[in-house]
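Here the structure is laid out as structure tokens; the discussion comes afterwards.
The values are calculated or read from the model by the stated rules, or taken from the named source; none is laboratory data. Here the structure is a predicted model, which is why all the values come from computation and not from measurement. Every residue, glycine as well, gets a Cβ built from its backbone with ideal geometry; the counts of neighbours run over all protein chains shown. The area values use the complete protein model at the heavy-atom level, side chains included, leaving out ligands, DNA and RNA. Shrake-Rupley method; radii C 1.70, N 1.55, O 1.52, S 1.80 Å.
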Protein chains: 2
Amino acid sequence: MTLDLTSDVVALTRAICDIPSVSGAEKELADAVELALRALPHLEVLRDGDAIVARTSLGRPARVILAGHLDTVPIAGNLPTTLTGDVVEGRGTVDMKAGDAVFLKLAATLTEPRYDITYVFYDHEEVAARLNGLGRLVREHPDWLAGDFAVLGEPSNATVEGGCQGTMRITITVPGVAAHPARPWMGSNAIHSAGAVLDVLRAYEPRTPVVDGLQYREALNAVKIEGGIAGNVIPDSCVISINHRYAPDRGPAEAEAYLRELFKGQEIEVVDSAPGARPGLDHPAAREFVAAVGGTPAAKLGWTDVSRFASLGIPAVNYGPGDPLLAHKDDERCPVADIHNALAGLTAWLAN
Amino acid sequence: MTLDLTSDVVALTRAICDIPSVSGAEKELADAVELALRALPHLEVLRDGDAIVARTSLGRPARVILAGHLDTVPIAGNLPTTLTGDVVEGRGTVDMKAGDAVFLKLAATLTEPRYDITYVFYDHEEVAARLNGLGRLVREHPDWLAGDFAVLGEPSNATVEGGCQGTMRITITVPGVAAHPARPWMGSNAIHSAGAVLDVLRAYEPRTPVVDGLQYREALNAVKIEGGIAGNVIPDSCVISINHRYAPDRGPAEAEAYLRELFKGQEIEVVDSAPGARPGLDHPAAREFVAAVGGTPAAKLGWTDVSRFASLGIPAVNYGPGDPLLAHKDDERCPVADIHNALAGLTAWLAN
């Protein structure tokens, strides 16, 4: 399978969508990307597993990273792609192969960009964080990721979304005492007691802090509840999983302390935690980027891999074609205009 | 395997406990019971599946039914039985083979009882109601169950527990709208909404009506709750199973109407329903029974098969050795004194 990087960016989007690459099965697409990039003499190409890194070395005073994941969530009968009117539809068109296609077009055309550029195409973004290909590069090849500013091509309707909120998942285990439901006073109903936790969730008022000029909006939600053993037993346990999204003015320790105070007296376990990232739009390259692509930057509320760049001290933003609300949906689809706009904006910023 | 009905009632209890008869595997014990009863010339013996019915036909003016189930819940390493001090321990000692042993002793010794007696030993009491052996006899051989008053040998600490409460299980499905937990306002959290159902459960005050002289106490409990799809999705559904125990002054229709009013506006489905039974202690045979066994009758709060007799218009009470709170427990055990008391009480009532 070969990719023609001279083709139109929409055709290229469809071509890479039509090579299925559900997480864990990125090899065929990664091979094609590597092959296409190796044909470009102005780029040095590196590979780790199914992550491909390609970079210029022009001695520019700053280096920009353009990063996108190659994998998708499972296909839902929505491949091969179709092009209807001004919309390309199919798995990956939004999340995030249109972004990958834009980066591949830039890689092919910007032989002498204004900044040195490192292109990163990686695997395993849609699955457990420990498998994440960008995380693996951060751990094993941090030198490949050296840079001053990063753009992650996650869908953002081709507007700039700065930073990302942190995410933390806790479980609260509410105890009870089993008994026969005809004599409930011999026990204690854990599900009824869990009502106190739901009270807190229902009364929750989100913080909406402004961080580096962007307004975030926190969230606190039960994502799972499970209690009860059988139809004839008073439940002796009820477990509630709660997801907290917190603005990047707080770190994981502060977020945890906040939750422990909020749910004081409950048995809390932190099961998952990933820090947020400040938007970092004060960097000169970032300011130029925002000016070039236009629009008003917004805060990114979801967690994204920009946080991995933040962990290396590299400010990063999300910028890519497509509506993030359509990611993972069966009718995932991307306006052709978004793809052209993203390519034009990034070209305006990076071309010499 | 043969049973010696001339042996001591405690030895007989142990003998029938030591023949395992987990629901669905009652045959060996049923065979032994049938064989032992067929050896008694004063009884006519009938069989349907693993249910054995034996009866006198002395032309007495009233007929009493003594009924007990032969099956047990699964064995938990607690067989064979042990006798330690004044307690016999092991699966079935409470629920309800001590009661069966008492009835078998009466069957062997009361050749000319004061009332005609029908002994019923049946299968499948500890599993789904539709399998219940007594229910099968009610449907297929109601004539075998003709009688004026029934005693069910369920554990009651060898005191009289009259009637039983009805039981009804409903599910309430609370809807939501899925969304990303970083943007929960795009959806609606079904688990949070389920808090309104828990509010009702937590505020519930049970009725405690007096029915035919016995005080009941109703109950309303969540027995299961389940909501949420994944750690990164706002839950679109939360399902709560609720068990309601209601006093026998209400029927199933009234109980359902009560729940629909209590949870007005919620999506309710009745998944299980069994009516209660009034205590029926005004029958002359019942009054004599209470006088003979002594003690103060109490209301039976749990549902039992007395309700099946009630459906045939036969008043029925629970009366058997053992603490019902130890039924189904791994350390299920029965005081020897209870077994002797039950045998003595019933003998005093039924001997000529």
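For the protein assembly as shown, what is the charge dipole size about the Cα centre, in debye to the nearest 20, if Lys and Arg each add +1 at the Cβ and Asp and Glu each add -1 at the Cβ? Don't skip to the end; give the middle numbers.
Working: 60 positive and 92 negative charges, 202 e Å.
With Lys and Arg at +1 and Asp and Glu at -1, about 960 debye.
So for the protein assembly as shown, what are the equivalent ellipsoid semi-axes in whole Å, largest first, each being the square root of 5 times an eigenvalue of the Cα gyration tensor?
Numbers: eigenvalues 1099, 123, 86 Å².
Listed largest to smallest, the semi-axes of the protein assembly as shown are 74, 25, 21 Å.
Rounded to the nearest 5, what % of the DSSP beta bridges within the protein assembly as shown are antiparallel ones? Provide the component values of the computation, followed by the final result.
Values: 95 of 129 bridges.
Close to 75 percent.
What whole-number volume per residue, in cubic angstrom, does the convex hull of the C-alpha atoms of chain B give?
On the way: hull volume 51.5 nm³, N = 352.
Dividing the Cα hull volume of chain B by its residue count gives 146 Å³.
Towards the positive end of the charge dipole of the protein assembly as shown, with charges on Cβ (+1 Lys, Arg; -1 Asp, Glu), say which of B:326, B:206, A:99 has the farthest Cα.
Positive-most Cα among the choices belongs to B:206.
May I ask for the Rg/Rh ratio of the stretch A:1-118, computed from Cα atoms with Rh as the Kirkwood radius, given to two decimals? Mind showing how you got there, number by number?
On the way: Rg = 14.4 Å, Rh = 14.7 Å.
Ratio of gyration radius to Kirkwood radius: 0.98.
Can you pull the three principal axis extents for the Cα set of the stretch A:109-232, in Å, largest first?
79, 33, 23
Over all pairs of distinct alpha carbons, what does the Kirkwood formula give as the hydrodynamic radius of the stretch B:166-274, in Å? Walk me through the intermediate numbers first.
Values: mean 1/r = 0.0663 Å⁻¹.
It is 15.1 Å.
Which value, in debye to the nearest 20, gives the size of the charge dipole of chain A about its Cα centre, when Lys and Arg are +1 and Asp and Glu are -1 at the Cβ?
Using Cβ point charges on Lys, Arg, Asp and Glu, chain A gives about 600 debye.
Work out the FRET efficiency for residue B:272 and residue B:62 from their Cβ-Cβ distance, taking R0 = 35 Å, and round it to the nearest 0.05.
0.50
Note the buried accessible area between A and B here, summed over both chains, with a 1.4 Å probe, in Å² to the nearest 100.
Details: alone 14800 and 14800 Å², together 26230 Å².
Chains A and B together bury roughly 3400 Å² of accessible area.
Considering only Cα-Cα distances, which of the following residue pairs are longer than 25 Å: A:224/B:224; A:329/B:224; B:97/B:300; A:27/A:224; B:224/B:264? List each step's numbers first, then the result.
Numbers: A:224/B:224 13 Å; A:329/B:224 31 Å; B:97/B:300 20 Å; A:27/A:224 34 Å; B:224/B:264 20 Å.
In this structure, A:329/B:224; A:27/A:224 lie more than 25 Å apart at Cα.
What FRET efficiency comes out for the pair residue B:83/residue B:291, r = Cβ-Cβ distance, R0 = 35 Å, nearest 0.05? Write out the running numbers ahead of the final one.
Details: r = 32 Å, r/R0 = 0.91.
The calculated FRET efficiency here is 0.65.
If a paramagnetic tag sat 7 Å from the Cα of residue A:127 along the Cα-Cβ line, which residues of the stretch A:53-79 would have the backbone N under 14 Å from that point?
Residues A:70-75 qualify, since their backbone N sits under 14 Å from the label point.
What percent does the relative contact order of the stretch A:166-274 come to when contacts are Cα pairs within less than 8 Å and at least six residues apart? Spell out each step's value before the answer.
Numbers: 219 pairs, mean separation 46.3, N = 109.
Relative contact order, the stretch A:166-274: 43 percent.
Around residue B:127, what is the net charge, scoring Lys/Arg as +1 and Asp/Glu as -1 over all other residues with Cβ under 12 Å from its Cβ? Intermediate results must be reported in sequence, preceding the final value.
Values: positive: B:130; negative: B:26, B:71, B:123, B:125, B:126.
It works out to a net charge of -4.
In whole Å, largest first, what are the principal axis extents of the Cα atoms in the stretch A:119-184?
Here the Cα extents, ordered largest to smallest, are 66, 31, 18 Å.
Tell me which residues come under 5 Å, amide H to amide H, from residue B:160 once H is placed; ignore anything under 5 positions away on its chain.
Counting only residues 5 or more places away or on other chains, the set is B:298.
Based on the Kirkwood radius over alpha-carbon pairs, what is the Stokes-Einstein translational diffusion coefficient of the stretch B:1-55 at 4 °C with 1.567 mPa s viscosity, in µm²/s?
Details: Rh = 11.7 Å.
The diffusion coefficient I find is 111 µm²/s.
What GluC sites (Glu not before Pro) in the stretch B:193-284 are in a loop by DSSP, with at most 10 other Cβ atoms within 10 Å of the Cβ?
Taking the stretch B:193-284 and a limit of 10 other Cβ atoms within 10 Å, no loop GluC sites (Glu not before Pro) are found.
Out of all DSSP beta bridges in chain B, what portion is antiparallel? Express it as a percent rounded to 5.
Once the DSSP bridges in chain B are tallied, antiparallel ones form about 75 percent.
Among A:305, A:323, A:100, which one shows the biggest mean-square fluctuation in a GNM of chain A, springs joining Cα atoms closer than 10 Å?
Highest fluctuation among the options: A:323.
Taking Cα pairs under 8 Å and at least six residues apart, what relative contact order does chain B come out at, in percent? Write down the numbers at each step before the final one.
Numbers: 840 pairs, mean separation 83.2, N = 352.
Relative contact order, chain B: 24 percent.
Can you compute the charge dipole magnitude of the stretch B:22-145 about its Cα centre, using +1 on each Lys and Arg Cβ and -1 on each Asp and Glu Cβ, nothing else charged? Give it in debye, rounded to the nearest 20. Can you show the working numbers first?
Details: 13 positive and 19 negative charges, 71 e Å.
Dipole size: approximately 340 debye.
For the charge dipole of the protein assembly as shown, defined by +1 on Lys and Arg C-beta atoms and -1 on Asp and Glu C-beta atoms about the Cα centroid, which residue among A:290, A:58, B:39 has the Cα displaced farthest towards the positive pole?
Farthest towards the positive pole: A:290.
Can you list the residues, at least 5 places off or on another chain, whose amide H is less than 5 Å from the amide H of residue A:223, using H built in the peptide plane?
A:241, A:242, A:243
Measuring from a point 7 Å past the Cα of residue B:22 along Cα-to-C-beta, which residues in the stretch A:197-236 have an amide N at less than 11 Å?
No residues fall inside that zone.
Among B:145, B:29, B:46, which one shows the biggest mean-square fluctuation in a GNM of chain B, springs joining Cα atoms closer than 10 Å?
Highest fluctuation of the listed residues: B:46.
Please average, across the residues of A:196-208, the number of beta carbons from any other chain that are within 10 Å of each residue's own beta carbon, and give a whole number.
On the way: counts 3, 3, 11, 5, 1, 4, 7, 1, 1, 0, 2, 0, 0.
The per-residue average across the peptide is 3.
Extension gain residue B:111-residue B:264, at 0.36 nm per residue separation less the Cα-Cα distance, in nm? Could you put the intermediate results ahead of the total?
Numbers: separation 153, 0.36 × 153 = 55.08 nm, distance 5.81 nm.
Stretched fully, the residue B:111-residue B:264 segment lengthens by 49.3 nm.
For residue B:112, place a label point 7 Å out from Cα along the Cα→Cβ vector, do the same in each other copy, and report the separations in nm, one decimal, smallest first.
Those label-point separations list as 12.7 nm.
Just from its helices, what would the mean residue ellipticity at 222 nm be for the protein assembly as shown, if runs of 4 or more DSSP H residues each count -39500 (n - 2.57) and the sum is divided by every residue, rounded to the nearest 500 deg cm²/dmol?
Numbers: 18 runs with 194 residues, N = 704.
Per the formula, -8500 deg cm²/dmol.
Does any residue of the stretch B:233-266 lose at least 30 Å² of accessible area with all protein chains in place compared with its chain alone, and if so which ones (probe 1.4 Å)?
The answer is B:245.
Let me see the P(r) profile for the stretch A:224-352: every Cα-Cα distance counted, bins of 5 Å, each bin given as a percent of all pairs.
P(r) over the stretch A:224-352, rounded to whole percents: 2, 8, 13, 14, 15, 13, 11, 8, 6, 4, 3, 2, 1, 0, 0.
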